[in-house]
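Novice: Quick one: structure below, then a few questions.
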Amino acid sequence: MVTTTITGQIRKIALEILEEKSEGISYSELGRAILGKNAKFNTNTINGATWDLDVQFPDKVYKPVRGVYRLLKFKEDIATQPDEPMIRTKFQKAIKIKEEDFYKPFADWLVKGVGECTKAIELGGNIFRDKWGTPDVIGVRESKRSDIIQFPTEIVTAEIKIDSNGLITAFGQACAYKIFAHKSYIVVPNNSQIEDITRLDTLCRQFGIGLILFNTKDAESPDFEIKTRAVNHEPDMFFVNKNLRYIEDKLFK
């Protein structure tokens, strides 16, 4: 590969970065990484040199999804995440983290972190006695008496997964919850494959579902981060009342 030109130098660095990213890297992140290697490069020149890496190096680079580059040699080398992440205490004793450990932290974050709800509680299990499932967290957003403009009550749901193998299931459940919720979120590991996150992000935008990324290794500091905000829509009031009847006392008192 010719590296005497600026374009050649940029592409060489791009391939070196891809060698370090077995999971792949997005176009924008690759540009920033290249600039980090050599701040003298012009941003437009970097963009022009890297936008078609898969075309320039078809025997080395491919796009697992739109806007993401990965080396072909990593195509089949996709690590799966454990069902239950492990952490160690200062005594080096392994502790299993469960999904339930993140229910309350996320409920608190919905209220105090992003203000999506005025109250949120942890659920899980089969409280709604419905084969379509019960969300892990459910919240309500109500007007305050002091608000000049009063707005309708909104219901917010969330499905949390600590296993990256359950992302498709999480998306399906979040879609099902929209029948009785104004906003529906899926909360998934931030160390999921970039290909999976990109697909989820695209699907969530199309279906109006919110996407949250978080650190599955620390239930005390999960660092919830909004990737895609949920879009408010009108649920079916029959199912709203049917399901909330089971948790009325917990959610509204």
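Novice: When you scan segment 81-100, do you find a residue that is acidic (Asp, Glu) and at pLDDT 90 or above, even just one?
Specialist: There is at least one residue in segment 81-100 that is acidic (Asp, Glu) and at pLDDT 90 or above.
Novice: Restricting attention to segment 208-227, and to residues there that are under 16 Å from LYS112 (Cα atoms) and among the aliphatic types (A, V, I, L, M), which single residue is surrounded by the fewest Cβ atoms within 10 Å (Cβ to Cβ)?
Specialist: Top of the filtered list is ILE226.
Novice: Working carefully through the options LYS217, LYS250, find the one that is charged (D, E, K, R) and either not in a loop (DSSP other than H, G, I, E, B) or not assigned by TED's automatic domain parsing to the domain that holds SER164 (or both).
Specialist: That would be LYS250, the only listed residue that is charged (D, E, K, R) and either not in a loop (DSSP other than H, G, I, E, B) or not assigned by TED's automatic domain parsing to the domain that holds SER164 (or both).
Novice: Could you check segment 1-65 for helices (runs of 4 or more DSSP H) lying wholly inside it with 3 or more residues that are under 22 Å from ASP196 (Cα atoms) and small (Gly, Ala, Ser)?
Specialist: Per the criteria, 27-37.
Novice: Within segment 107-206, which strands (runs of 3 or more DSSP E) (wholly inside it) include 2 or more residues that are surrounded by fewer than 19 Cβ atoms within 10 Å (Cβ to Cβ)?
Specialist: Result: 119-122.
Novice: Moving on. From the list LEU251, LEU203, pick out the single residue that is of a type in the set (A, V, I, L, M, F, W, C), over 11 Å from the mean Cα position of the chain (by Cα) and closer than 24 Å to ARG70 by Cα.
Specialist: Answer to the selection: LEU203.
The values are calculated or read from the model by the stated rules, or taken from the named source; none is laboratory data. Remember, it's a predicted structure, so these values are computed and weren't measured experimentally. Glycine gets a Cβ as well: all are built from the backbone with ideal geometry, and neighbour counts include every protein chain shown.
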